[in-house]
Amino acid sequence: MKIEIIDLKKRFQEEKIEILECIKRVLKKGNLILTPEVANFEKSICKFTGSKYCLGVNSGTDALMMSLWGAGISRGDEVITSPISFIASVSSIIHVGAKPVFVDVDNDLNIKPDLIQSAITKKTKAIMPVHWTGRVCQMDKILQIAKKHNLIVIEDAAQSMGAYFNNKHAGTYGKISAFSTHPLKNLNALGDGGFVITNEKKLYNKIKLYRNHGLKGRDNVEIIGVNSRLDSLHAEVLNFRLKRLKNIIERKQSNINLYRKLINNNKVHIIEDKKTEKNAYVMFVTLCEERDKLQKYLQKFKIQSLIYYKTPLHLHKATKFLGYKKGDFFNAEKFTKKVISFPHHQHLKKKEIEFICKKINDFYS
Ligand SMILES: Cc1ncc(COP(=O)(O)O)c(C=O)c1O
């Protein structure tokens, strides 16, 4: 039996009728850009997250860049963020002309709030916490620090649709937040997509103009913008999938509970969820001894696993110019040697998880 970590083919089978209906509905109308489907999706996101405004855009990366740009982050500013993330967290900061400043992670792989204070300089303008794997950062502490130092908080919520901290949805803590609807996210489009949420009307209006070439009407360019619109086809599919999001997260959560029950050795560490957090589990990242050997061993039994990621952000060739070196972030470097994700998607059968756990336990016995 081959057990894949990506579920998209099975997902299509489960939702085939509804997805094809979504596509038909949009195509029949003969209008594909910034149609009511996009506005409907934005409204649904506001209702789901409790945010006042939402704008659908082309990707999570664009959502991040527009959030930073909209919040006024620019050349010479420093933005504090985590060394454990996808490169887009950092490239978005660099693309608006600012400098990413890393702060090490805690045992939950998210930025450690206690270390933020010492990274603040006169140039620090914002903190960008990344809710890695779908677990919201300790936003109470982060907001306290931001308030004390008059810093803007921009959440990289790319992985955290459906995640909560103290019963408040991810992305509703900061000035503005960026989400991804990439196919591998829990709320996923048929290709690239993303959105921003904010409670500030001025910011919403600014980004609304920016995502569509700065156009106010057909022939009136107010500012120089970009083309970063969420396609109507994606919006319609996302609107349908939003109704199923809770169910998908629950199924993933239940699979992880089975892993917790069946893995019977201390070489595999599954990070506990605190009472204050509801993890969306976009990825199921565990910390394992002899990670690379384990991965090879599982391959022999056709069990796929993935590593997010082997290299912390400060040690890439592309980020060398920031001046960091090996040894700068102890936890990030230690954990990236151990991280490995096992299949946990909503289509897995109980016997498949039992098989994976047995093989993991066998490896360490
Ligand atoms: C933490 C994080 N930030 C930003 C992004 C970028 O999102 P996108 O791939 O939609 O551009 C991702 C995508 O995986 C991500 O995981």
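The numbers here are math on the coordinates, done by the rules we state, and not lab data. Everything numeric in this text was worked out from a predicted model, so none of it was measured. With ideal geometry, Cβ positions are generated from the backbone for all residues, glycine too; neighbour counts draw on all protein chains shown.
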Antiparallel bridge percentage (DSSP; both residues within the chain; nearest 5): 60
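Tell me, in nm to one decimal, what length is gained between N166 and K43 on full extension, where the rule is 0.36 nm per residue of separation less the Cα-Cα distance? Working shown, then result.
On the way: separation 123, 0.36 × 123 = 44.28 nm, distance 2.34 nm.
This chain segment gains 41.9 nm when fully extended.
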Compactness index (Cα Rg / 2.2 N^0.38 Å), segment 20-73: 1.37
Can you bin the chain into rounded, prolate or oblate? Criterion: square roots of the alpha carbon gyration tensor eigenvalues sorted a ≥ b ≥ c, rounded for a/c under 1.5, prolate for a/b above b/c, oblate for the rest. oblate
At q = 0.24 Å⁻¹, what is the log10 ratio I(q)/I(0) for segment 258-365, with the Debye formula run over Cα points and no solvent? -1.38
7 Å from Cα along Cα→Cβ at both L115 and K29: what's the point-to-point distance in nm? 4.7
How long are the three semi-axes of the equivalent ellipsoid of segment 185-293, in whole Å, if each is the root of 5 times an eigenvalue of the C-alpha gyration tensor, listed from largest down? 41, 16, 14
Mind giving me the FRET efficiency for K147 and L262? R0 is 45 Å, r the Cβ-Cβ distance, nearest 0.05 is fine. 0.55
Listed highest first by mean packing, meaning other Cβ atoms within 10 Å per residue, what order do 215-222, 294-301, 173-180, 24-31 come in? 173-180, 294-301, 24-31, 215-222
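Students often check this: by mean Cβ neighbours within 10 Å, which of 78-91, 280-293, 5-18, 312-325 ranks highest, and how do the rest follow?
Numbers: 78-91: 23.8, 280-293: 20.4, 5-18: 13.5, 312-325: 15.4.
The most tightly packed comes first, giving 78-91, 280-293, 312-325, 5-18.
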Among Y309, Y259, which comes first, then next, by fewest other beta-carbon atoms within 10 Å? Y309, Y259
Label-zone membership for segment 166-190, site E250, 7 angstrom Cα→C-beta point, backbone N under 12 Å: none
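So which of K274/K326; K16/K300; K47/K175; K29/K185 end up more than 23 Å apart, counting from Cα to Cα? Can you show the working numbers first?
Working: K274/K326 31 Å; K16/K300 32 Å; K47/K175 18 Å; K29/K185 28 Å.
Too far apart for the 23 Å limit: K274/K326; K16/K300; K29/K185.
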So, R0 is 35 Å and r is the distance between the beta-carbons of K351 and D328; what FRET efficiency does that work out to, to 0.05? 0.20
